[in-house]
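Worksheet for the structure shown next.
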Amino acid sequence: MHSARLTINPAARIGAINPRLFGSFVEHLGRSVYQGIYEPGHPLANDDGFRTDVIELVKELGVTAIRYPGGNFVSGFSWEDSVGPREERPRRLDLAWHTTESNEVGLHEFQRWLEEVGSELMLAVNLGTRGTPEALELLEYANLAEGTARAEQRAANGRTEPFDVRIWCLGNEMDGPWQLGHRSADDYGKLAAQTARAMKAFDPDLELVICGSSSSSMPTFAEWERVVLTHAYDAVDYISCHAYYENTGDLKSFLASGIDMDHFIRSVTATADHVKAVRGSDKTIDISFDEWNIWYNSRYENVDKITGVDKWPTAPRLLEDEYTVADAVVFGSLLITLLKHADRVTSASLAQLVNVIAPIMTEPGGGAWRQTTFFPFAATAANARGVALDVTPVSGTYETEKFGGVPLVDAVASLDESTGRIAVYVVNRSVDDAASLELDLPARAGADTFTVTARTLSDDDVTASNNRENPERVALADNTTITTEGGVVRVELPAVSWTEILLTPQA
Ligand code: AHR
């Protein structure tokens, strides 16, 4: 057993936790929409064709804002195809994922679903194969109350009230050579700046996200951010980060993936602040970490990719990764990293939501279940409220091939000032040993004034997962090792585990 210690100090504030940190992402990709959230004919479908069992799981997950409709998909998408009478909507090839899009679900249907799950729409415009005029047409269609052709078209399509979308993505991963309409930083920066300025002329209060790098390992990383922000600094509010991690067989490095995410966030904020300084601006650009997850991308690249151009399927099984306990522990640690940067990461989207690299899985005509990654997300989204607190633990380190020496224990806390509740999120990265963790509480709020509980995700078999045959194999379990004495909380953290500790003030 190794030991670790942390101190909860309400003065060690990182920043307010923006609820949008617990956003997600629905792309027209694979079985995310069709057979995922939408399956008319399913015994549990509502009158709109949306699965109510999935709606309930999405609510339980607690996602706040949902990015839509892509992803790579958006870079070849014509939004006009997805509105109006369904029987008149064209079927189109989706060149990003080599599938056929029926356009059966579009903006109106998706907004109705969002109202069911209680989430906000984060809408992406196509800056790949399209440009500023089409983005403006969509903005007018979505947000103008009345009085123009587009506003009247929306009303004629059944929605008098505007959608009033507040947060918009200016394209997707435009730094990636795989992206339709991929551009240089200079070209994209000019296009994004022009589009953002036009959108802000319509409504200066819109929140606009410019594309940053698709990962910190892109050859253009950091210079891309500098160039696009130099073009568009005054007109945008966020720069995006995207990061996916996978276990390539080196579990120790995989468990330390948060180190990479942390470095990514620090580098992007430093770059944004450099541009701010050069311009003498008093405006600060935040990060929208609008794609993050575990993704076995190598499996998609090598096995699942659809080739050829004829008979591209509708809603094929794509990117349906089955997540293990180890995946969920890393996933939980990524949430810890995001919270550790709550002052600058004020929007984030777990990519994705249903069936496609997702916390929720479904079978057509059958059940829906929670993947292992569901649990850390749902717990954190439910209880990490208020302000994030820096609680950097004192612990041993271990050696990794990718990152060198890495702390065995990582943690962050939140304090909900309206209730006094403290939540602590902690990961034990040791592959061999449990950790004995001590938490010092502030003197005037000793452990005895709190009800203290803990829940842990771990398993003797770190490859255990939930699936169709065994949908409840893995879940969070109460951690009964927790004790309190004289202002100190002690808890054991199994090897390769993620834990939530809740300190609820006694009445
Ligand atoms: O989330 C899957 C894909 O990953 C998205 O479409 C793209 O933006 C990213 O490369």
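The values are calculated or read from the model by the stated rules, or taken from the named source; none is laboratory data. Remember, predicted model here, so these are calculated numbers, not experimental data. No Cβ is skipped: glycine too gets one built from the backbone with ideal geometry, and neighbour counts run over all protein chains shown. For the accessible areas, the whole protein counts, side chains as well, though only heavy atoms, and no ligand, DNA or RNA atoms are used. Shrake-Rupley method; radii C 1.70, N 1.55, O 1.52, S 1.80 Å.
Structure above, values below:
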| item | result |
| --- | --- |
| Nitroxide proxy distance, nm - points 7 Å out along Cα→Cβ at ALA198 and ASP461 | 5.6 nm |
| Per residue accessible area in Å² of the range 18-383, where ligands, DNA and RNA are left out and the probe is 1.4 Å | 34 Å² |
| Most to least packed among 119-127, 241-249, 172-180 [average Cβ atoms within 10 Å] | 119-127, 172-180, 241-249 |
| Helix axis angle, 223-232 relative to the chain longest principal axis, alpha carbon, degrees | 60 degrees |
| Residue pairs, from the table LYS311/LYS402; LYS200/LYS276; LYS190/LYS283, whose Cα atoms sit over 31 Å apart | LYS311/LYS402 |
| Förster radius 35 Å - calculated FRET efficiency between SER217 and THR314, Cβ distance, rounded to 0.05 | 0.60 |
| Separation in nanometres of the label points that stand 7 Å from Cα toward Cβ, at GLU417 and GLU60 | 3.4 nm |
| Most to least packed among 258-269, 418-429 [average Cβ atoms within 10 Å] | 418-429, 258-269 |
| Between 0 and 90°, nearest 10: helix 374-383 axis offset from the chain longest Cα axis | 80 degrees |
| Rounded to 10°, Cα long-axis angle of helix 107-117 versus longest principal axis of the chain | 30 degrees |
| Protein accessible area in the chain, 1.4 Å probe - carbon and sulfur % | 48 percent |
| Modelled FRET efficiency - R0 41 Å, ASP187 with GLU115, Cβ distances, 0.05 increments | 0.60 |
| Modelled FRET efficiency - R0 30 Å, ASP273 with ALA11, Cβ distances, 0.05 increments | 0.80 |
| Tail fraction, Cα-Cα pairs, the chain, threshold 29 Å, whole percent | 51 percent |
| The range 129-217, Rg to Rh (Cα coordinates; Rh as Kirkwood inverse mean 1/r) | 1.04 |
| Distance between modelled label sites at ALA45 and GLU146, nm, 7 Å Cα→Cβ extension | 3.5 nm |
| Most to least packed among 289-296, 107-114 [average Cβ atoms within 10 Å] | 289-296, 107-114 |
| Distance histogram for the range 47-110 (every C-alpha pair counted, 10 angstrom bins, percent rounded to whole numbers) | 18, 43, 33, 5 |
| Potential extension, SER78-GLU301 segment - 0.36 nm per residue separation minus Cα distance | 77.7 nm |
| Computed [θ] at 222 nm, deg cm²/dmol, the chain (DSSP H ≥ 4; -39,500 (n - 2.57); rounded to nearest 500) | -7500 deg cm²/dmol |
